[in-house]
Amino acid sequence: MRNILIFGLLGLFAIGCNQKEKKEKESRLEAIRILEKKDSSSRTGLIKDRIVLWKSYYESYPDDSLSSMFLFKTAKGEMELGNFDRASNYLETYLLKYPGGKEKADVLFILGFLYDGRLNKKEEARRIYKSFISEFPQDPLVRDVRIALELLDYNDEELIQKLENQNKPE
């Protein structure tokens, strides 16, 4: 009899905890919705506030179906603020945590661009671009990725010369 009472109390406790977590999760989602609709004169402050909420959500609920999207939004927010190292770290985290995530093609494309154009990590860009091409050969961006991969080995002067030669009338 005592065991039944203990199991019953544990069951009620578990249900109560589950409902508390569900309410907390819904509350965070509502805060995100409100902040995403909000327009502010302080764009930087608004982006920082959004990043805090997005990051909090995916860290609190890493297995939730929305978490990959919020991690991706966190990375894009950091890019908007000019925090390219942080953005690349979030994108790499995305690739590790959500290897089959629906934003993966965009993640690879943006990460390659960051490594190539902002962080001057050419070998990392090459790795990411090749991964994009092999995983998404039919993606509309694959042509752009192939061009970016080809241009990785050019310095600025060589790139300008190549473009000038391409634009010369024959």
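The values are calculated or read from the model by the stated rules, or taken from the named source; none is laboratory data. Quick caveat, the model's predicted, so the values are computed rather than measured. In this analysis, Cβ positions are derived from the backbone assuming ideal geometry, glycine residues included, and neighbour counts consider all displayed protein chains. Ligands, DNA and RNA are stripped out before the accessible areas are found, and what is left, the full protein with its side chains, is counted by its heavy atoms. Shrake-Rupley method; radii C 1.70, N 1.55, O 1.52, S 1.80 Å.
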- [ ] Return the loop-located trypsin sites (Lys or Arg not before Pro) in the stretch 23-68 (DSSP other than H, G, I, E, B) with at most 16 other Cβ atoms within 10 Å of their own Cβ; answer none if there are none.
- [x] 38
Task: When the stretch 109-170 is reduced to its Cα atoms, the Kirkwood hydrodynamic radius in Å - done: 12.3
TODO: Report the residue, chosen from 111, 95, 71, that carries the largest GNM mean-square fluctuation when the chain is represented by alpha-carbon nodes joined by springs under 10 Å.
DONE: 95
TODO: Pick out, in residue order, every one of the trypsin sites (Lys or Arg not before Pro) in the stretch 82-170 that is DSSP loop and has at most 12 other C-beta atoms within 10 Å; say none if there are none.
DONE: 102
Open item on the list: Just checking my list [x] 42, 23, 11; [y] 45, 20, 12; [z] 45, 15, 11 against semi-axes √(5λ) of the Cα gyration tensor in Å computed from this structure; which label fits?
Closed with: [y]
- [ ] Using a 1.4 Å probe over the heavy atoms of the protein chains, calculate the carbon and sulfur portion of the accessible area of the chain as a whole percent.
- [x] 53
Open item on the list: Along the charge dipole of the stretch 25-170, pointing to its positive end and built from +1/-1 on Cβ of Lys, Arg, Asp and Glu, which listed residue (152, 44, 65) has its Cα farthest out?
Closed with: 65
Task: the chain, dipole about Cα centre (Lys/Arg Cβ +1, Asp/Glu Cβ -1), debye to the nearest 20 - done: 920
Open item on the list: Considering all projection directions equally, how large on average is the shadow of the alpha-carbon convex hull of the stretch 27-110, in square nanometres?
Closed with: 5.3
Open item on the list: Roughly how far apart, in whole Å, are the Cα centres of the stretch 110-140 and the stretch 40-84?
Closed with: 22
Task: Accessible area of the chain divided out per residue, in Å², using a probe of 1.4 angstrom - done: 68
Open item on the list: Suppose a student asked you for the relative contact order of the chain, using Cα pairs under 8 Å spaced at least 6 residues apart; what percent would you report?
Closed with: 11
Open item on the list: What is the angle, in °, between the Cα long axis of helix 156-167 and the longest principal axis of the Cα atoms in the chain? Nearest 10 is fine, range 0 to 90.
Closed with: 70
